[in-house]
There are 2 protein chains.
Amino acid sequence: MKHFFIAIIIFIAFSSFNSAKTAKINEQPINKTDSIVVKHLFNSALTNGEGYEWLRDLTSNIGGRLSGSPEAQQAVEWGEKLMTELEFDKVWLQPVMVPHWVRGEKEEAYFTVDKIKYDVAICALGGSIATPKNGVSGEVVEVNSLAEAEALGEKLRGKIVFFNRPFDDTLIETFKAYGGCVDQRGGGAKVTGKFGVLGVIVRSMTNSIDNFPHTGAMGYGDIPENEKVPAAAISTIAANLLSEKLKENPTLKFYFKQSCETLPDAPSFNVIGELTGSEFPNEYITVGGHLDSWDLGDGAHDDGAGIVQSIEVLRLFKLNGIKPKHTLRAVLFMNEENGLRGGRKYAEEAKKNNENHLAALESDSGGFTPRGFSIDDANGKNSELIKSWKSLLAPYGLHDIDRGHAGSDIGPLKYEAITLVGYRPDSQRYFDYHHAANDTFDKVNKRELELGAASMASMVYLLDNYLE
Amino acid sequence: MKHFFIAIIIFIAFSSFNSAKTAKINEQPINKTDSIVVKHLFNSALTNGEGYEWLRDLTSNIGGRLSGSPEAQQAVEWGEKLMTELEFDKVWLQPVMVPHWVRGEKEEAYFTVDKIKYDVAICALGGSIATPKNGVSGEVVEVNSLAEAEALGEKLRGKIVFFNRPFDDTLIETFKAYGGCVDQRGGGAKVTGKFGVLGVIVRSMTNSIDNFPHTGAMGYGDIPENEKVPAAAISTIAANLLSEKLKENPTLKFYFKQSCETLPDAPSFNVIGELTGSEFPNEYITVGGHLDSWDLGDGAHDDGAGIVQSIEVLRLFKLNGIKPKHTLRAVLFMNEENGLRGGRKYAEEAKKNNENHLAALESDSGGFTPRGFSIDDANGKNSELIKSWKSLLAPYGLHDIDRGHAGSDIGPLKYEAITLVGYRPDSQRYFDYHHAANDTFDKVNKRELELGAASMASMVYLLDNYLE
């Protein structure tokens, strides 16, 4: 409590300065109280944060938690127990049926040149079918795009198609580089299956040149069963080596084997915790991330970080006696990675129950140092309002506040005039770990995670107070 | 080359947008060419950067390189060889005598409560004397400040003084937290020696609660020889445990032993590489970091990062055919950590030779993702000019451009009206590794390091073109 008063004293000076600056830039003075509350939320997160230890627990004691797995079920129970212990006003599970894909045995791959065998770091892509039991072996055709593969057409028959377009490293925002490549992973098999290829291998979706294969979702769309071929990701080191060796030996043979399969849909849950609104209990602000993760790592940055930050937002409100006007919900969405069933179910239920959703905030870009927020609103009016908070948030590193994609899980809520916001941490390291075995707790910095939670709590506080 | 033209085409569009935006905010249109050059420097660093592999080499093959050590000499030769191979116009060594402190045998420490022995992670502070051969043992007085220790005065006689004021975690910029605590490390022994204490132990200078002791410089000032006492840092985990146990057992005894010593000053060098200016060859812009590091880790973030970034700045100019108007110098300063002799020598020689130094830029805050620059100029005129480049630099995460401390090594150049600039990366992770055994190559992210080099190259380019 002492600290609270000290904080107030210090930040009256601070916020006066801030208000003056704001008035000059935006011609819109920021209420002095807001600066104090925001600063207090940051102080609180940085000195009394609990999210880091929750994340240690989730990632170390449960680990990877792919939809339908026993670990995903453990994570559901973990989230329900945690929010119950935190004495949120209401905690419940929202049932949802999810896809249930299993990796099976560890994959194998290699190629041979001049009798030298090169082992390849490989993993099946989520949703892929298995290879025949003894694997597949064939010549490789390297392509850089779906269009190039389409154009080759029948020339691909009996071959393994190797999608090798790398990330564009000149893009400062790494999500843009990902966006520019991920069609190869998602659609490579769908596009080439009709040409009778043996299988598809895709360069891992990362800027990093290392030996981790990065998994992720792929899909067959509505192609016939007999056109479906196995698809896998190989590490960037393996991709570079294979590409190099193919130049010298265009007829080299590549072998891979995987035994993954899709089982019947499984029952699972979104986990929801609530703080009831003091003025508008039937109007909702959702803050969330996704509870499922890929199986190779422990889902620390993707998206354990977003999960613990979302719960932390509600805890910070409670801890500091901030009564939200609208009902706040922390939602731990199930199945973002390979189906988005949780996000769809949440929106479906909201619509069915005529819930009035004011805003939703998602954290699904890792637990890195804060950079800003992206806003997806219907008419651009609320994004202008949120941008006017820039000078209040800039002292915390939150400079990049612009319109843009907010989040996958909250996306389905767009059926109504809701304001969607995405928390945007620094993106430089994200794809080093994304969907790979090295997405583990030790890659998360405590302060960066806590600054993210405080950034989100501040955004929720401002949305709760100013959004109409 | 193809990429260069593509970059130009893309960035004519981009820079037009940028210019328009700038004109509105600063009433000072930025030359379209500058946007293109800056973007090109970033593209070049991110796709053709060499600094990351240089850093791997320096940290893995030489490692820690404290002034006067054989490793420091190896680092001098490494820097000279590298800049010679890069065919800079001129590469030379500037002799400087440096302090030569050696750690000796691994330190030992523990305390005992109820017959249970608690081992303590400890390291001697740089510049400290040794304990007697068998160590020292005594009761502990915990204090939170130099003033508190001074006030206790004679009550400290025969005791070990334990400085335990922690970092203020509410400070977003971690260097401020460091600045608020480091007087305990630097001055603890100096202040308490006169009271006949047995020794001084200091809580490690870090936000992180872990078991790494963090070394760093301490000094005795001009106190008499017989008042000098040994000083060491203990890990934050050990500090928290000791503090807790002292509450229950105020008379517990603490033991530590260290065998460090200060040898006679040793010969060493600053390593300097030059690109000759096309218009003002006798006017200098310096870009540098420090080549020495503490001995416990490999000096990766502190300051191997600054070293390779500084060399990379000149390489990026050469690689892209950008002819600097003024002479650019990459300076690998020796002895920042425990003496600043390299920085002082460089300024002394500059003065003696009547060199005209226009500006100097230092990177000594780690190889993390870019945040901005701090500017230390004589009259505030150039800092206004530099701040006017904000909208040009903001797309690269460089938002925080303000007056402030620029860098230790370049500080002594302030005898003339020079503009000093400090590169400011994100500070959240810096003190996890600072002066500790975990400051190793694996903690550096390639893109973050490269973005820093490109940020610095852009700043040097703008200084070279616009500073008067």
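Please treat every number below as a calculation from the coordinates, not as lab data. Bear in mind the structure is a predicted one, so any value in this text is a computation, not a measurement. Methodologically, a virtual Cβ is constructed for each residue, glycine included, from the backbone with ideal geometry; neighbour enumeration extends over all protein chains shown.
Each principal axis of the Cα atoms in the range B:258-337 has its own extent, and those three values, largest first, are 54, 24, 12 angstrom. Grab the DSSP H runs of chain A that are 4 residues or longer, score each as -39,500 (n - 2.57), total them, divide by all residues and round the 222 nm result to the nearest 500 deg cm²/dmol. Calculated from helices alone, the mean residue ellipticity at 222 nm is -11000 deg cm²/dmol. Charged side chains reduced to their Cβ positions (Lys and Arg at +1, Asp and Glu at -1) give the range B:104-259 a dipole of some 380 debye around its Cα centre. Quick one, could you list the DSSP H helices from chain A stretching 15 Å or more along their long axis (Cα atoms) with average Kyte-Doolittle hydropathy of 0.0 or above? Span-like helices here: A:2-26, A:32-48, A:305-319, A:446-466. Sorted from closest to farthest, the other copies place their B:Glu416 label points 6.9 nm away, with each point set 7 Å from Cα along Cα→Cβ. Taking every residue in B:161-172 and counting other chain Cβ atoms within 10 Å of its Cβ, the average works out to 3. The peptide list A:408-421, A:285-298, B:309-322, put in order of mean Cβ contacts within 10 Å with the highest first, becomes A:285-298, B:309-322, A:408-421.
The convex hull of the Cα atoms of the range B:309-468, projected and averaged over all directions, covers 9.6 nm².
Take B:Tyr118, project a point 7 Å from its Cα along the Cβ direction, then tell me which residues of the range B:225-260 have their backbone nitrogen under 12 Å from it. Within reach of a label on B:Tyr118, which here means backbone N under 12 Å from a point 7 Å along Cα→Cβ, the range B:225-260 contributes B:235-255. FRET efficiency for the pair A:Lys387 and A:Thr84, taken as 1/(1 + (r/R0)^6) with r the Cβ-Cβ distance and R0 = 35 Å, rounds to 0.40. Lysines near A:Lys351 by alpha-carbon distance under 30 Å, same-chain residues fewer than 8 away left out - which ones? Hits, sequence-local ones excluded: A:Lys81, A:Lys90, A:Lys318, A:Lys323, A:Lys325, A:Lys381, A:Lys387, A:Lys414. Taking other Cβ atoms within 10 Å as a rough exposure proxy, A:His40, A:His434, A:His214 sort from fewest to most as A:His40, A:His434, A:His214.
In nanometres and ascending order, the distances from the A:Thr84 label point to those of the other copies are 7.2 (point 7 Å from Cα along Cα→Cβ). When you work out D = kT/(6 pi eta Rh) for the range B:282-326 at 4 °C and 1.567 mPa s, using the Kirkwood radius from C-alpha pairs as Rh and the Stokes-Einstein form, the result is 109 µm²/s. Both radii were evaluated on the Cα set of the range A:181-226; the Rg over Rh quotient, with Rh as the Kirkwood radius, amounts to 1.02. Compute the separation of the alpha-carbon centres of the range A:110-132 and the range A:369-414 and state it in Å as a whole number. What the calculation gives is 42 Å, centre to centre. The rotation axis taking chain A to chain B passes closest to this chain A residue's Cβ, listed with the gap in Å: A:His399, 2.
Length, then width, then depth: along the principal axes, the Cα atoms of the range A:339-380 run 37, 28, 14 Å. Taken over the alpha carbons of the range A:400-458 as equal point scatterers, the Debye sum produces base-10 log I(q)/I(0) values at 0.20, 0.23, 0.31 Å⁻¹ of -0.97, -1.11, -1.27. Shape analysis of the range B:91-143 based on the Cα gyration tensor places the equivalent ellipsoid semi-axes at 36, 12, 11 Å, largest first.
Taking every C-alpha pair closer than 8 Å and separated by at least 6 residues, the mean separation divided by the residue count of the range A:104-259 gives a relative contact order of 38 percent.
Note on the range B:236-309 and the range A:142-202: Cα centroid distance 48 Å, given to the nearest whole angstrom.
So if I place +1 on the C-beta of Lys and Arg and -1 on the C-beta of Asp and Glu, and nothing else carries charge, what would the dipole magnitude of chain A be about its Cα centre? I want it in debye, nearest 20. Computed about the Cα centre, the dipole is about 540 debye. Overall, the ratio between the Cα radius of gyration of the protein assembly as shown and 2.2 N^0.38 Å, rounded to two decimals, is 0.99.
Scoring B:156-162, A:80-86, B:361-367, B:349-355 by mean Cβ neighbours within 10 Å over their residues and listing the highest first yields B:361-367, B:156-162, A:80-86, B:349-355. No solvent, one uniform scatterer per C-alpha: report log10 I(q)/I(0) for the range B:275-392 via the Debye equation at q = 0.14, 0.22, 0.23 1/Å, two decimals. Scattering profile of the range B:275-392, log10 relative to I(0): -0.69, -1.43, -1.46. Within 10 Å of the Cβ of each residue in B:443-449, the mean number of Cβ atoms contributed by other protein chains is 4. The equivalent ellipsoid of chain A has semi-axes of 44, 23, 20 Å, largest first, where each one is the square root of 5 times an eigenvalue of the Cα gyration tensor.
Shape analysis of the range A:88-247 yields a ratio of the Cα radius of gyration to the Kirkwood radius, Rg/Rh, of 1.02. Across the identical copies, the 7 Å label point of B:Lys387, projected outward along Cα→Cβ, sits 2.3 nm from its counterparts, in ascending order. Dipole of the range B:267-333 computed with +1 at Lys/Arg Cβ and -1 at Asp/Glu Cβ about the Cα centre; of B:Ser293, B:Ala330, B:Phe317, farthest Cα towards the positive end is B:Phe317.
In the range A:177-331 the Cα-Cα distances spread across 10 Å bins starting at 0 as 9, 25, 26, 18, 13, 6, 2, 0 percent of all pairs.
Sorted by mean Cβ packing within 10 Å, highest first, what order do the peptides A:62-72, B:137-147, B:454-464 take?
Ranking, from highest mean packing down: B:454-464, A:62-72, B:137-147.
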